[in-house]
1. Restricting the calculation to Cα positions, tell me the Rg (one decimal) and the Dmax (whole number) of region 99-177 in Å.
2. With all protein chains present, calculate the accessible area of His261 using a 1.4 Å probe and round the result to the nearest 10 Å².
3. Using the Karplus curve 6.51 cos²θ - 1.76 cosθ + 1.60 with θ = phi - 60°, work out ³J(HN,Hα) for each residue of region 130-141 in order, rounded to whole Hz, and write x for Gly and Pro.
4. Give the distance, in whole Å, between the Cα centre of region 245-288 and the Cα centre of region 122-145.
5. Quick one: which of 183-195, 245-257, 9-21 comes out on top by average Cβ neighbours within 10 Å, and what's the full order, highest first?
6. Just the accessible area per residue of region 71-196, please: how many Å² with a 1.4 Å probe?
7. Just to be sure I understand: of the beta bridges DSSP finds with both ends in region 43-197, what percent are antiparallel, rounded to 5?
8. Restricting to region 40-124, what percent of DSSP beta bridges are antiparallel, rounded to 5?
Amino acid sequence: MKGVVIKSTGSWYTVRTDKGNIIECRIRGKFRLSGIKSTNPITVGDIVDFELEKNSNNGVITNIHDRKNYIIRKSVNLSKQTHIIAANIDQVFLLVTLENPQTFTSFIDRFLATAEAYSIPAIIIFNKIDLYNKKLADQKQQLEKIYRAIGYECLDVSAVEMININKLKVMMKDKVSMFSGHSGVGKSTLINTIHPELDLKTANISAQHKQGQHTTTFAEMFSLPFGGYIIDTPGIKGFGVVDFEKDEIGDFFPEIFAIKHKCKFNNCLHINEPKCAVKLAVENGTIAKSRYISYLQLLEDEHENYRVDNYL
Ligand SMILES: Nc1nc2c(ncn2[C@@H]2O[C@H](COP(=O)(O)OP(=O)(O)O)[C@@H](O)[C@H]2O)c(=O)[nH]1
Ligand SMILES: [Mg+2]
Ligand SMILES: [Zn+2]
């Protein structure tokens, strides 16, 4: 039998079959995936084969299907181990607010580059538009222009005033989605708006200060009443961590990737090399300055502690 892992608590995996049956499964002995040094062999979103155990309603997982993508987090201790937070994600929504809290472009761009590195399509949601005055609306429009031009879909919503919620539902239908963004941007409120039965706690700031949570929280996948899933990752700030190599960062900026072959040097890092097509594009305005600055920041950032939140 085949199903998708919707929850994992360490030793038990909750598997949902295509028909919607829920089976609690275990793994027998050590089940190791080659290539990934991870503390957990199976994660939420994994497609698995399983057999039912005799004389019980439980199952044993016998096989994991190849993952199309996955997001990881480093273990808290300094070993090289990682923890896989979730797999097979169709899209990740970055919730952005320009005030209360303010989301900076450097945060947006780091997030988008990370999504590119994970091969997960990213969509930008501007929330709380009910609060926007003319100045913020203009600022938002400029950002949308920048991000749409490089291929990122953007949507304006208000979780409180129910603006464009149906559009969001259409985007989420039959897909596995994740929400991300700074604390306070309205992730829980928006999830509750699209799926009131989940009844997530909102404006909950205390959870973030519990450092220990990083080791004990598990992602969970909820089915949406209109079709599709949402993965909730309680207590996990941000979006996992990618160790960027300097010479690949540009590949995670679509507009840089698109023109890098025009640089004189094929190992150009677009800093101050001669005849650099990227720098030229920044000068003539084809590449947004804010994007280029974010790119340079990522280049310089190699020793950054993964727990540090740029925003704070
Ligand atoms: N005005 C307005 N407030 C919102 C909106 N969405 C969320 N909020 C408020 O923003 C605060 C933080 O929301 P919450 O969902 O807890 O944010 P989270 O930390 O991203 O999960 C709460 O007080 C919400 O009521 C919105 O669309 N408009
Ligand atoms: Mg929340
Ligand atoms: Zn260059």
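The values are calculated or read from the model by the stated rules, or taken from the named source; none is laboratory data. Keep in mind it's a predicted model, so treat the numbers as computed, not measured. For neighbour counting, all protein chains shown are included, and Cβ atoms are generated from backbone atoms with ideal geometry for every residue, glycine included. Heavy atoms of the whole protein, side chains included, go into the accessibility calculation; ligands, DNA and RNA do not. Shrake-Rupley method; radii C 1.70, N 1.55, O 1.52, S 1.80 Å.
1. Rg, Dmax (Cα atoms, Å): 13.1, 36.
2. 140
3. My calculation for region 130-141 gives 4, 8, 6, 8, 4, 4, 5, 5, 5, 4, 4, 4 Hz in order.
4. Their Cα centres are 28 Å away from one another.
5. 183-195, 245-257, 9-21
6. 42
7. 45
8. 75
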